Amino acid sequence: MCTTVVSTMAGRTKNNYLGDFKMKLKLGLLLMYCLPLMAFADVNDDSRPMDLSKLPQPDSGVKVVPASQMNFTEKENKEFALRLQEQKTRGYVELSTESPKKLLKMSYYGKLQLESAKKINDPQDSHLKHNYRRC
């Protein structure tokens, strides 16, 4: 005759507790797998599937669309008109950007990227490398 000793955890048997844990673990893994798929689901606002014929095809070249056919908001239309006027008067458009500051501080940012690149072994990674063999 064989007897089993089952400890109780908050009024539940150990087997029931493990069964619940495994079920919750499976449900959690399923959610972790499905949620990103649902987040990147490609559906229009009217819930109709996208017309794939309107997407650019490989090696189809560049299609230049006039600004009048672009779907800009009213704010973007005003910014576009101001930049177009500035380009006509000056010959260029002046925009503020943080890129020059980063280039001037390249010795600081470079060290950070070199350190972070040591931990990454992905061949597609675009961080700075110590030498070309790490690319």
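The values are calculated or read from the model by the stated rules, or taken from the named source; none is laboratory data. None of the values given here were measured: they were computed from a predicted structure. Ideal geometry is used to build each Cβ from the backbone, glycine not excepted, and the neighbour counts take in all protein chains shown.
Per-structure values
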| quantity | calculated |
| --- | --- |
| Unique match (being at pLDDT 80 or above and of a type outside the set (Phe, Trp, Tyr)) among Ser68, Ser47, Ser53 | Ser68 |
| Test: residue in the range 79-97 that is part of a helix (DSSP H, G or I), in contact with a Phe, Trp or Tyr (Cβ under 7 Å, 6 or more places away or on another chain) and closer than 30 Å to Lys129 by Cβ | no |
| Of all residues making up the range 77-135, the number that are β-branched (Val, Ile, Thr) and touching a His at 6+ places or on another chain (Cβ under 8 Å) | 1 |
| Given (1) exposed (fewer than 10 other Cβ atoms within 10 Å of the Cβ); (2) in a loop (DSSP other than H, G, I, E, B); (3) at pLDDT below 75, number of the condition Leu37 does not satisfy | (2) |
| Close pairs (8 angstrom Cβ cut-off, 6 or more residues apart or separate chains): under 26 Å from His127 (Cα atoms) in the range 81-110, of a type in the set (Lys, Arg) and assigned to a helix (DSSP H, G or I) anywhere | Tyr109/Lys102 |
